[in-house]
Amino acid sequence: MNRGCDNAAKQLAALISVRVTSVDLLQKECRVFPNGEACLCCANCDKCAGATRKMETCDYLNLCLYGLNEAYRWGGKYVYYCPAGMIFTASSVLGENGRLSYGIVAGPIRMGSPEDFEGAEDGAQSASLKLPLFSTAQVGDLAELMGTITAGISGQPH
């Protein structure tokens, strides 16, 4: 794993109280911080298979891979929804060859106003009530911050 991504994911997760995943695309592995836990959203959501450690068998890791590929394509950062409607932000880390090799993904996050989530009854919605609620501006700020962090880890601009 990329030590810089692991450190950034751990520190960012502690700071913003959101799960942050460090993804190694070369080894096809990830670590979820804090404490290597599975993603809360995916563990309780029937739209995802759950979080394991190998991309070939895990919808959560494929969700991270999608976000990281889009981040790479769009200048280093990308904000997107999972199938259950939760928000994720991804930021790519370039390897020595200038190609996407690593990345960090923050989420799941709820975005909007608390009223948008009132009366949630189904499994995905009730699990989402436990997630942090960010404004649109906060999600944008998080994406910008992650882009700055990963550019520093890469040692080159996106």
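Scanning the range 55-102 for residues being in a helix (DSSP H, G or I) and surrounded by fewer than 16 Cβ atoms within 10 Å (Cβ to Cβ) gives a total of 5.
Listed here are the residues, each with its yes/no results for (1) hydroxyl-bearing (Ser, Thr, Tyr); (2) surrounded by fewer than 20 Cβ atoms within 10 Å (Cβ to Cβ); (3) at pLDDT below 60; (4) not in a loop (DSSP other than H, G, I, E, B).
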site: 13; (1), (2), (3), (4): no, no, no, yes
site: 21; (1), (2), (3), (4): yes, no, no, yes
site: 36; (1), (2), (3), (4): no, yes, yes, no
site: 42; (1), (2), (3), (4): no, no, yes, yes
site: 45; (1), (2), (3), (4): no, no, yes, no
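I'd like to verify a number: residues in the range 83-98 that are touching a residue at least 24 places away in the same chain (Cβ under 8 Å) and over 10 Å from the mean Cα position of the chain (by Cα), how many? Residues that pass the stated criteria total 9.
Only one of the numbered conditions (1) crowded, with 21+ Cβ neighbours inside 10 Å; (2) at pLDDT below 80; (3) of a type in the set (Ser, Thr, Tyr) is violated by residue 113, and that is (1).
The values are calculated or read from the model by the stated rules, or taken from the named source; none is laboratory data. Quantities reported herein were computed from a predicted structural model and do not represent experimental measurements. Neighbour counts run over all protein chains shown; Cβ positions are idealised from the backbone, glycine included.
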